[in-house]
Amino acid sequence: MLKRVLGDRGRLLLFACLSYMVPFTLLRLGFYWFFKSGTVATPDLLHAFYLGFKFDLRIALIFTLVPALGMLGKPANPFVRARAGRIWLTWWGLCFVVSLFFYILDFAYYSYLGLRVNATVLHFLENPLISLEMVWESYPVLQLMVALTATTTLFVWWLRHGMQLLTSPTPPPSAPSPGPPVLKRLPGWARGLVVGTLIVGGLYGKLSAYPLRWSEAYFSTNTFISSLGMNPIHYFFDTLKNRQLPFDEKLVRKYYPHVAAYLGVDQPDAKKLNFDRWLTPRGPLPPTTNVVLIVMESFAAHKTGVGGHPLDPTPRFDALAKQSKYFKRFFVPSEGTARSIFGLITGIPDVNPKQTSSRNPLIVDQHTLINAFTKHKKFYFIGGSANWGNIRGVIANNIPDMKIVEEGMFESSRTDVWGISDLDLFTE
């Protein structure tokens, strides 16, 4: 059946992919067993395993993608040339060694810091001799090397055995016996289309306008649950572009007086870099009060009368602002919407130099004033997907009882790439 639908090369690629998924799944179960620390079985736990499976599958498919493209030509087709089979066996063996190294590093990193291994580990290369000495003194290096060698040898043996079975010539069929009709072999272009669709679908990870992203692992405020849903290789490369921390303490101290004055810091202290600001409420908030924040795209403060525009272009908005609590010191140093949402939720400006902070897995944990509303139900409505800008991680990971309402949950049809229209969003 598989041979008729996927063809010889498709079956070989499927075998290699599944060969990776078995150890990846066992290692995820091992991660749970070693670090669970009293975590009980919950729907969140099952969802973390489900997301982890999809991240593992993406990595396995990436390892399979290079041979899949190479086998399109006869010189690299193991069913045409035996040497090609040895090339791909070497490739898959090297990928497995790298994977296992990442997992060993990840287990050690998590046991020490309680964090999955990320790109900041590259800072240890700045002092390689000291780092190597620390590793040698802290971990059973020789035993780990033996385990790495033995496991890799077993994996390569398994792959070689499977490849020999799959690539060996098939004896000619005997006279067909009467029975139910057999599915005809698909033509070559159709088999290639099936295999290509399965690979692309697995890499994309979900049926949505946005692909599977790291922020989906941060669906829970439980740090272990979030960590369980990650793949260490995937997470390392997700954090690679953010490994250089943008914080410059000397510059902060230089401009601290100006920033503290602008923000209205109650007790400025340049030595401690104090940025605490306190607002005394007029009285307790009635439990029946609804709090609604509406974020309007391209509605900048300098375009409003209350924001200082001399032509008074927004009289209705100004009237609303004068009847409300107007936070005039809220600002975002960019025009990007994701930076505004990050600043709105956390209360601090998004100054990540390359991409928005919501896209940085290393700083996804943030404090938010929203959690002070303990008697309120919390909803985040967006016409599109909360995967936009990876904003899902900032919201779901820091606000435990937030209900995200997004695309696929509305009755209205999708208008464009951003989801349903604003009018339909407000109506629903």
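Does ASP365 satisfy the criteria of being within 20 Å of the chain's Cα centre (by Cα) and either farther than 30 Å from LYS241 by Cα or surrounded by fewer than 17 Cβ atoms within 10 Å (Cβ to Cβ) (or both)?
Considered against the rule, which asks whether it is within 20 Å of the chain's Cα centre (by Cα) and either farther than 30 Å from LYS241 by Cα or surrounded by fewer than 17 Cβ atoms within 10 Å (Cβ to Cβ) (or both), ASP365 comes out as yes.
Among the numbered criteria (1) assigned to a helix (DSSP H, G or I); (2) closer than 30 Å to PHE219 by Cα, which one does ARG116 miss?
For ARG116, the failing item is (1).
Condition first: at positive phi and crowded, with 16+ Cβ neighbours inside 10 Å. Now tell me which residues in segment 369-428 satisfy that.
Within segment 369-428, GLY389, ASN390, GLY419 meet the criteria.
Cβ-Cβ distance below 9 Å, separation of 6 or more or different chains: which pairs start in segment 10-22 with a residue that is more than 16 Å from LEU165 (Cα to Cα) and open to solvent by less than 60 Å² (accessible area, probe 1.4 Å) and end on one that is of a type in the set (D, E, K, R) and at pLDDT 95 or above?
TYR20/ASP56; MET21/ASP56
Has segment 34-46 got any residue that is touching a residue at least 12 places away in the same chain (Cβ under 8 Å), small (Gly, Ala, Ser) and more than 22 Å from HIS234 (Cα to Cα)?
yes
Per-residue answers, yes or no, for (1) of a type outside the set (Asp, Glu); (2) within 22 Å of PHE237 (Cβ to Cβ):
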{"residue": "ASP8", "(1), (2)": "no, no"}
{"residue": "ILE62", "(1), (2)": "yes, yes"}
{"residue": "LYS74", "(1), (2)": "yes, no"}
{"residue": "LEU100", "(1), (2)": "yes, yes"}
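Determine whether segment 352-368 contains at least one residue that is assigned to a loop (DSSP other than H, G, I, E, B), in contact with a Gly (Cβ under 9 Å, 6 or more places away or on another chain) and hydroxyl-bearing (Ser, Thr, Tyr).
yes
How many of the residues in segment 60-84 are surrounded by 14 or more Cβ atoms within 10 Å (Cβ to Cβ), part of a helix (DSSP H, G or I) and either within 34 Å of the chain's Cα centre (by Cα) or of a type in the set (Val, Ile, Thr) (or both)?
So the count comes out to 11.
Only one residue in TYR112, TYR50, TYR103 is under 25 Å from LYS241 (Cβ atoms) and open to solvent by 20 Å² or more (accessible area, probe 1.4 Å), so which one is that?
TYR112
Can you name the residue in segment 377-428 that is assigned to a loop (DSSP other than H, G, I, E, B) and within 18 Å of THR221 (Cα to Cα) and, of all such residues, is nearest to the chain's Cα centre (by Cα)?
The qualifying residue nearest to the chain's Cα centre (by Cα) is ASN387.
Just to verify a result, which residue in segment 293-337, among those that are among the aliphatic types (A, V, I, L, M) and modelled with pLDDT of 85 or more, is farthest from SER385 (Cα to Cα)?
LEU311
Filter segment 152-172 for residues that are part of a helix (DSSP H, G or I) and open to solvent by 60 Å² or more (accessible area, probe 1.4 Å); which is farthest from TRP91 (Cα to Cα)?
Ranking the candidates gives LEU165 first.
The values are calculated or read from the model by the stated rules, or taken from the named source; none is laboratory data. Keep in mind that what you see is a predicted model, and the values were worked out from it rather than measured. Glycine gets a Cβ as well: all are built from the backbone with ideal geometry, and neighbour counts include every protein chain shown. SASA here: full protein model, heavy atoms, side chains in, ligands and nucleic acids out. Shrake-Rupley method; radii C 1.70, N 1.55, O 1.52, S 1.80 Å.
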